[in-house]
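The values are calculated or read from the model by the stated rules, or taken from the named source; none is laboratory data. Remember, predicted model here, so these are calculated numbers, not experimental data. Note that each Cβ is placed from the backbone with ideal geometry, even for glycine, and that neighbours are counted across all protein chains shown. With ligands, DNA and RNA removed, areas are computed over all heavy atoms of the protein, side chains included. Shrake-Rupley method; radii C 1.70, N 1.55, O 1.52, S 1.80 Å.
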Amino acid sequence: MFRLIYAPGDGIGPEIGDIALNILEYQLKKYGVQYEITEILFGGCAVDAYGVPLRSVDTSVVKNSDAVLLGAVGGPAWDGVDPSVRPEKGLLTLRKECDAYANFRPARVYACLKNASPLKDRITDKGIDIMIVRELSSGIYFGERAEGENEAYDTEYYSRAQIERIIRKGFECAQTRGKKLCLVDKANVLATSRLWRRIMAELSAGYPDVEASAMYVDNAAMQLASAPYKFDTVVTSNLFGDILSDEAAVITGSIGLLPSASIGKVDIYEPIHGSAPDIAGTGKADPVGMILSAAMLLRYRLGLPEAAAEIERAVENALEYGYRTPDIAPAGNYTDKIIICTTAQMGEAISDALRQ
Ligand code: NAD
């Protein structure tokens, strides 16, 4: 039995979440997956109802589940609440309780949306489809630190076990994609990076079908902007992954398009954006990132790559047909057939494409 927690959250979360959940359920039924769904109040809506962003009873429910499908949390309505019960605090608790250690962030430029990308056509025409696999549970954000008046330090720490499990995830992911894995590090300076390189070299023997390489992070940051088509799957530390995944996101044109998966004991699938309070309730939210998060769940948690690919193709078909929420609508005059649409219309277009 696949146990799913649905946490739509705040702002545009429920608008895009309900659409993604419907599409996910359609695929679960089609592929004969036995499942149960528990919906929880999480984030600002839970602060309003219970006084806390995540009740301990709901934490237990989450810990006994397989995956969480999460919308987004937060917004100005909760800016004034006690910092210990802010919606974002609930997000940190959720991630900790799920023991998520691998963050998957794809960045893809659709041919029909290349004008939304800030990159030139001569770059996007070569096809951009990158997966950044970021270590999430360790590194400099969790290492020992001290902060004084005149000096401060942070520590980058990684154990062999932590590196091995994330690099294995990188290889496994590359096997399902373009079969190229690039380790991004700073091995010319950092001892931790050199350990990552040694472990990558050891493990690569077990994945002879994947071409393994390594690149310094400064070079990778430049190449992501100048030649992103060279990358397939990237594996990297927590800090470098944090920065590079946002750089990769920006080249796709809209954060509304991008999904993510955080894999651990319990997986979390969510779009990369926040609750977009500025457009909540207006029908302008792009549901694509949320829908593609559901596709990632099918691929990475349930091992149903074809079910995931069907959703991804349906998204592509709707975009190619011309459906555009305002975030990806072309500016000014355009000659192509374009249908500026609402959140619900985009959801329907994708659902229809899936059912065909
Ligand atoms: P945001 O990602 O919510 O919005 C940034 C901009 O992108 C806004 O202009 C918004 O309208 C637009 N946008 C975001 N998602 C979109 C979509 N699907 N379709 C179309 N446009 C979209 O970031 P923010 O405004 O800095 O944060 C708003 C709230 O969300 C804050 O309370 C923040 O703490 C929270 N937040 C939550 C998460 C999460 O739940 N994982 C992540 C980031 C921010």
- Of all residues in segment 330-345, which are within 14 Å of the ligand (Cβ to nearest atom) and either exposed (fewer than 14 other Cβ atoms within 10 Å of the Cβ) or not small (G, A, S) (or both)? I340, C341, T342, T343, Q345
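Could we say that A161 is free of Cβ contacts under 8 Å to residues at least 12 places away in the same chain and either under 9 Å from T233 (Cα atoms) or not charged (D, E, K, R) (or both) here?
Values: free of Cβ contacts under 8 Å to residues at least 12 places away in the same chain: yes; either under 9 Å from T233 (Cα atoms) or not charged (D, E, K, R) (or both): yes.
The answer is yes for A161.
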- Note on the structure: All conditions in (1) assigned to a strand (DSSP E or B); (2) of a type in the set (D, E, K, R); (3) away from the ligand (no atom under 13 Å from the Cβ) are true of E247 except (1)
- Query: Within segment 225-242, can you find the residues that are touching a residue at least 24 places away in the same chain (Cβ under 8 Å) and closer than 15 Å to L183 by Cβ?
  - Reply: F231, D232, T233, V234, V235, T236, S237, N238, L239, F240, G241
- Item | Odd one out for T252 among (1) in contact with a helix residue (DSSP H, G or I) (Cβ under 7 Å, 6 or more places away or on another chain); (2) within 15 Å of the ligand (Cβ to nearest atom); (3) more than 24 Å from I40 (Cβ to Cβ); (4) not acidic (D, E) | (1)
- Apart from one, (1) part of a loop (DSSP other than H, G, I, E, B); (2) surrounded by 23 or more Cβ atoms within 10 Å (Cβ to Cβ) all hold for G256; the odd one out is (1)
- Considering segment 275-318 alone, what residues qualify as being polar (S, T, N, Q) and open to solvent by 50 Å² or more (accessible area, probe 1.4 Å)? T282, N317
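D267 - would you say it is within 13 Å of the chain's Cα centre (by Cα) and acidic (D, E)?
On the way: within 13 Å of the chain's Cα centre (by Cα): yes; acidic (D, E): yes.
Spelling it out, D267 is indeed within 13 Å of the chain's Cα centre (by Cα) and acidic (D, E).
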- Unmet criterion (only one of (1) away from the ligand (no atom under 16 Å from the Cβ); (2) surrounded by fewer than 18 Cβ atoms within 10 Å (Cβ to Cβ); (3) assigned to a helix (DSSP H, G or I)) for L24: (2)
- Message: I want to confirm something. Restricting to segment 198-214 and keeping residues that are out of contact with any helix residue (DSSP H, G or I) (no Cβ under 7 Å at 6 or more places or on another chain) and closer than 12 Å to V234 by Cα, which single residue is most open to solvent (accessible area, probe 1.4 Å)?
- Response: E211
- Task: Give me a count of the residues in segment 98-112 that are surrounded by fewer than 22 Cβ atoms within 10 Å (Cβ to Cβ) and within 15 Å of the ligand (Cβ to nearest atom).
- Result: 1
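What's the total number of residues in segment 143-163 that are under 18 Å from Y101 (Cβ atoms) and either among the small types (G, A, S) or surrounded by fewer than 16 Cβ atoms within 10 Å (Cβ to Cβ) (or both)?
Looking only at that region, the number is 5.
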- Can you pull out the residues in segment 259-291 that are more than 11 Å from the ligand (Cβ to nearest atom), touching a Ser or Thr at 6+ places or on another chain (Cβ under 9 Å), hydrophobic (A, V, I, L, M, F, W, C) and not in a loop (DSSP other than H, G, I, E, B)? A261
- Tell me the strands (runs of 3 or more DSSP E) entirely within segment 28-138 that contain at least 1 residues that are touching a residue at least 40 places away in the same chain (Cβ under 8 Å). 67-72, 102-109, 128-135
- Query: Inside segment 62-96, can you point out the residues that are within 18 Å of the chain's Cα centre (by Cα), among the charged types (D, E, K, R) and buried (at least 16 other Cβ atoms within 10 Å of the Cβ)?
  - Reply: D66, R95
